[in-house]
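Undergrad: Could you have a look at this structure, given as structure tokens, before my questions?
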Amino acid sequence: MTALVIVDVQRDFVPGGRLPVPRGDEIIPVINRIQSRYPLVVLTQDWHPPNHLSFASNHPGRKPFEKVELDGLEQVLWPDHCVWNSEGASFDPRLDTARAAAIFRKGMDPRVDSYSGFFDNGRRHRTGLAEWLRGMGVRRVHVVGLAADYCVAWTARDAAELGFETAVLTDATMALSASDFERVAAGLRQCGVVVERSDRVGI
Ligand code: VGL
Ligand code: ZN
């Protein structure tokens, strides 16, 4: 069985939000249209406490998009975004969430970021998504959502490493940086991830 994993389609990641992906809203109708092909749909939700150390605002003297080291890991500092229970953390109202069987939240530990829907960036803690998918009989995952060069890519790479047959659907994801995504996509393909338009990938 194939699951559609919809990553972080939240108000803060679309134009008008606090960490907007350029044209990020354009993928929403595509995601809504393809959902019905999948027997299982699951959502991830970026969900940070206000004191999260991925926020530049929690590093005096630092600005968004600078890089720092956090607990031995390289960390991009972001504008405050997806603060838990805030409006910006909610799913974009244009996303059809009625078919979602589960929501996996990530990024709650203030000390470590969590791009992937499976693990935190230090790979110390699991979200439970892998075990849940396996329990549902899933062997293949198709990953869509925001942002292609961060949470979508990290989720897809982990899915492949965890043994799922994995594809990223390029017409249903959008990158913070389109040029970075070219490089990221090459890395994903090396991990065995199919990176293709949704009409070229069977479910
Ligand atoms: C994301 C940066 C910080 C994402 C989440 O969903 O791609 N990017 N937090
Ligand atoms: Zn985040």
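Undergrad: Can you tell me which residues in the range 80-132 are hydrophobic (A, V, I, L, M, F, W, C), within 12 Å of ligand 2 (Cβ to nearest atom) and in a loop (DSSP other than H, G, I, E, B)?
TA: CYS82, TRP84, MET108, VAL112 - these are the residues of the range 80-132 that are hydrophobic (A, V, I, L, M, F, W, C), within 12 Å of ligand 2 (Cβ to nearest atom) and in a loop (DSSP other than H, G, I, E, B).
Undergrad: Report, ordered by the first and then the second residue, all pairs with beta carbons closer than 6 Å, sequence separation of six or more or different chains, a first member in the range 95-116 that is under 17 Å from PHE13 (Cα atoms), and a second member that is within 12 Å of ligand 2 (Cβ to nearest atom) and aromatic (Phe, Trp, Tyr).
TA: Pairs found: ARG105/TRP47; GLY107/TRP47; TYR115/TYR150; TYR115/TRP154; SER116/TRP154.
Undergrad: Can you confirm whether the range 17-25 contains a residue that is more than 14 Å from ligand 2 (Cβ to nearest atom) and not in a helix (DSSP H, G or I)?
TA: yes
Undergrad: Turning to a different aspect of this structure: Can you name the residue in the range 133-183 that is part of a loop (DSSP other than H, G, I, E, B) and on the phi > 0 side of the Ramachandran plot and is also nearest to ligand 2 (Cβ to nearest atom) among such residues?
TA: Just the residues of the range 133-183 that are part of a loop (DSSP other than H, G, I, E, B), to begin with: 136-139, 147, 162-164, 175-177.
Then keep just the ones that are on the phi > 0 side of the Ramachandran plot; that gives 137, 163.
Working: GLY137: 30, GLY163: 26 Å.
Among them, the one singled out is GLY163.
Undergrad: Okay, moving on. Checking the condition within 17 Å of the chain's Cα centre (by Cα), on the phi < 0 side of the Ramachandran plot and either surrounded by 13 or more Cβ atoms within 10 Å (Cβ to Cβ) or polar (S, T, N, Q) (or both), which residue from ASP8, ASP46 passes?
TA: Of the residues listed, the single one that is within 17 Å of the chain's Cα centre (by Cα), on the phi < 0 side of the Ramachandran plot and either surrounded by 13 or more Cβ atoms within 10 Å (Cβ to Cβ) or polar (S, T, N, Q) (or both) is ASP46.
Undergrad: Would you check which residues across the range 11-27 are within 21 Å of HIS142 (Cβ to Cβ) and surrounded by fewer than 20 Cβ atoms within 10 Å (Cβ to Cβ) and list them?
TA: Once the filter is applied, which keeps residues that are within 21 Å of HIS142 (Cβ to Cβ) and surrounded by fewer than 20 Cβ atoms within 10 Å (Cβ to Cβ), the range 11-27 yields ARG23, GLU26.
Condition check ((1) touching a strand residue (DSSP E or B) at 6+ places or on another chain (Cβ under 7 Å); (2) at pLDDT below 95; (3) polar (S, T, N, Q)) across all residues:
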position: THR44; (1), (2), (3): yes, no, yes
position: LYS67; (1), (2), (3): yes, no, no
position: PRO93; (1), (2), (3): no, no, no
position: ILE103; (1), (2), (3): yes, no, no
position: LYS106; (1), (2), (3): yes, no, no
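Undergrad: Of all residues in the range 49-85, which are surrounded by fewer than 19 Cβ atoms within 10 Å (Cβ to Cβ) and closer than 26 Å to ALA3 by Cβ?
TA: The answer is TRP84, and nothing else.
Undergrad: Which one of these does ALA3 not meet: (1) within 16 Å of ligand 1 (Cβ to nearest atom); (2) farther than 12 Å from THR173 by Cβ; (3) outside any helix (DSSP H, G or I)?
TA: (1)
Undergrad: Separate question: Answer yes or no as to whether VAL152 is of a type in the set (A, V, I, L, M) and surrounded by fewer than 23 Cβ atoms within 10 Å (Cβ to Cβ). Before you say what the answer is, go through the steps one by one.
TA: Details: of a type in the set (A, V, I, L, M): yes; surrounded by fewer than 23 Cβ atoms within 10 Å (Cβ to Cβ): no.
So VAL152 does not fit the description; no.
The values are calculated or read from the model by the stated rules, or taken from the named source; none is laboratory data. Computed from a predicted model, the values in this text were never measured in an experiment. FYI the Cβ positions are ideal-geometry reconstructions off the backbone, even for glycines, and counts take in every protein chain you see.
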